[in-house]
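Throughout, read-outs are computed from the coordinates displayed, never taken from laboratory work. Given the structure is predicted, the values throughout are model-derived calculations rather than measurements. All Cβ positions, glycine included, derive from the backbone under ideal geometry; neighbour counts span all protein chains shown.
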Amino acid sequence: MKIVILLILTAIFWGMTPILEKIGLTKTDPMTGLTIRSIVVMIVILTYTISTGTLKKIFLLDNKTLIIFAVSGVLAGVLGMITYFHALQLGATSKIVPIAATYPLVTAVLSVLILGESISLVRILGTAFIVIGIWLVKSH
């Protein structure tokens, strides 16, 4: 039950965010918006990790793990957010967000290719539904 509550809260938080970002992007450019967003996120995360004593865990990690999270941050937190903010500024939120939210399609393909995860009928159907969803959102 705890997982369901956490996922519902996640969906609510992530669902509200594009509306706020779209409104904010009417008064500024994507890079400025992303900078403000990132600074606030950094302050909140640093405050939390310092206050809970978990900041020291960063210094205990091996270089490979640090690099993996650094690359992840650049891909999702910088490049992904810049392209997303530009798209959000230019298009309808109701179309941009569902298309951007198809990243599980990329994850599904890469998880098979890179992680060697198995392919099942259910995953193929799920992927097909993602593609159908993109088509439906884009065509209306």
ask   = Which ³J(HN,Hα) values in Hz, rounded to whole numbers, follow from the phi angles of segment 103-111 under the Karplus curve 6.51 cos²θ - 1.76 cosθ + 1.60, where θ = phi - 60° and Gly and Pro get x?
value = 4, x, 5, 5, 4, 4, 5, 5, 5
note = Computed over segment 7-54, the distribution of all Cα-Cα distances in 5 Å bins, rounded to whole %, is 5, 18, 17, 20, 21, 13, 5, 1
query = With +1 on each Lys and Arg Cβ and -1 on each Asp and Glu Cβ, how big is the dipole of the chain about its Cα centre, in debye rounded to the nearest 20?
reply = 160
inquiry  = With just the Cα atoms defining each centre, how far is segment 70-94 from segment 1-49? Give it in Å.
reply    = 12
note = Neighbours of Leu34 by Cβ distance under 15 Å: Lys/Arg at +1, Asp/Glu at -1, summed charge +1
note = In a Gaussian network model of the chain with springs linking alpha carbons closer than 10 Å, the residue among Ala11, Ala128, Ala70 that fluctuates most is Ala11
query = If you build a Gaussian network model of the chain, linking Cα atoms that sit under 10 Å apart, which residue out of Phe69, Phe85, Phe59 swings the most?
reply = Phe59
message = Just to be sure I follow the rule: in the chain, considering lysines 8 or more places apart or on different chains, how many pairs have Cα atoms under 23 Å apart?
response = 5
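Beyond 25 Å, what percent of the Cα pairs of the chain remain? If you can, show how the numbers build up before the last one.
Numbers: 4391 of 9730 pairs.
For the chain, the fraction of Cα-Cα distances above 25 Å is 45 percent.
What trypsin sites (Lys or Arg not before Pro) does segment 1-88 have in DSSP loop regions with at most 10 other beta carbons within 10 Å? Please report the intermediate quantities before stating the final value.
On the way: sites: Lys2, Lys22, Lys27, Arg37, Lys56, Lys57, Lys64; in loops: Lys27.
Counting only loop positions with at most 10 other Cβ atoms within 10 Å, the trypsin sites (Lys or Arg not before Pro) in segment 1-88 are Lys27.
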